[in-house]
Amino acid sequence: MQMKQGLHQLEWYHTFLGWGMMLIFLSPIWLFLAIPAVTMTLHDIPSTLFVQLPKVSYVLYIIGYLLFACACISQFLFKGSNKGKLVGCAILLLSTLCIADGSQRFSRVGLDSIIVKDSLWSKKYEYAWEDIEEVVYHQTDVERRYSNYEFHFKDGNVATLVDSVIMQGWRNIIHLKMSESDVKYSKWLTPKFDGLSTS
């Protein structure tokens, strides 16, 4: 009499399929909890007010995370063959690069300085508050669009920070630091587009 196959007789690549599906299922939790935790772990120091990531950083995190899940699922699709292992390693490498690049795109605002880094391969710039030439606040009343600060540094670089809820909580301190460092401050209003041509 032939015995039915049980779960203990499943091939190892079935386990990878389970991991891949679990990663996809948990992706919303990872997006809202893990990304801020990773960001603060990598870039937070005692004098930090907040760390802000650009939108592209979140996109890279999500792509890297989903690629990691795909690397697991690929082992099931290729039935654990050597070709599948090579494909999985290639996807895993690409996943790692995306996550690493996403983690190195940030702006850190602190009591002592502002640090800006545009990508994994770019230079990290650190500026004292005295190195800021001008700050321009672009206020918008466009729906679903945040206002933002443009920090113009004396070396010509410009950093744009979204006026998010977190940044609004530190607004008084930011304005105090600008005042102490005699930073020029101007405010611009971006009007709501009404869809009519002015030509």
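Is it the case that the stretch 157-169 has a residue that's small (Gly, Ala, Ser) and open to solvent by less than 20 Å² (accessible area, probe 1.4 Å)?
yes
What are the residues in the stretch 28-63 that are of a type outside the set (A, V, I, L, M, F, W, C) and in contact with a helix residue (DSSP H, G or I) (Cβ under 6 Å, 6 or more places away or on another chain), if any?
Selection gives SER57, TYR61.
In the stretch 87-116, how many residues are among the basic types (Lys, Arg) and either within 16 Å of ALA69 (Cα to Cα) or surrounded by fewer than 19 Cβ atoms within 10 Å (Cβ to Cβ) (or both)?
The total comes to 0.
Condition check ((1) part of a helix (DSSP H, G or I); (2) surrounded by fewer than 12 Cβ atoms within 10 Å (Cβ to Cβ); (3) among the small types (Gly, Ala, Ser)) across all residues:
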{"residue": "TYR127", "(1), (2), (3)": "no, no, no"}
{"residue": "GLU133", "(1), (2), (3)": "no, no, no"}
{"residue": "HIS138", "(1), (2), (3)": "no, no, no"}
{"residue": "TYR149", "(1), (2), (3)": "no, no, no"}
{"residue": "ASP155", "(1), (2), (3)": "no, yes, no"}
{"residue": "LYS177", "(1), (2), (3)": "yes, no, no"}
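Taking the conditions exactly as written (touching a His at 6+ places or on another chain (Cβ under 8 Å) and under 29 Å from ILE29 (Cα atoms)), does ILE115 satisfy them or not?
So ILE115 passes the test.
Considering ILE24, ILE62, which residue is open to solvent by less than 90 Å² (accessible area, probe 1.4 Å), at pLDDT 85 or above, under 11 Å from the mean Cα position of the chain (by Cα) and over 24 Å from GLU126 (Cα atoms)?
ILE62 is the lone residue from the list that is open to solvent by less than 90 Å² (accessible area, probe 1.4 Å), at pLDDT 85 or above, under 11 Å from the mean Cα position of the chain (by Cα) and over 24 Å from GLU126 (Cα atoms).
In this structure, is LEU161 in contact (Cβ under 8 Å) with a residue 12 or more places away in the chain and under 30 Å from TRP19 (Cα atoms)?
No; evaluated as a whole, the condition is false for this residue.
The values are calculated or read from the model by the stated rules, or taken from the named source; none is laboratory data. What you are looking at is a predicted structure, and each value in this text was computed from that prediction instead of being measured. Counting neighbours? That spans all protein chains shown, and the Cβs are built from the backbone with ideal geometry, glycine included. For accessibility, only protein heavy atoms count, side chains too; no ligands or nucleic acids. Shrake-Rupley method; radii C 1.70, N 1.55, O 1.52, S 1.80 Å.
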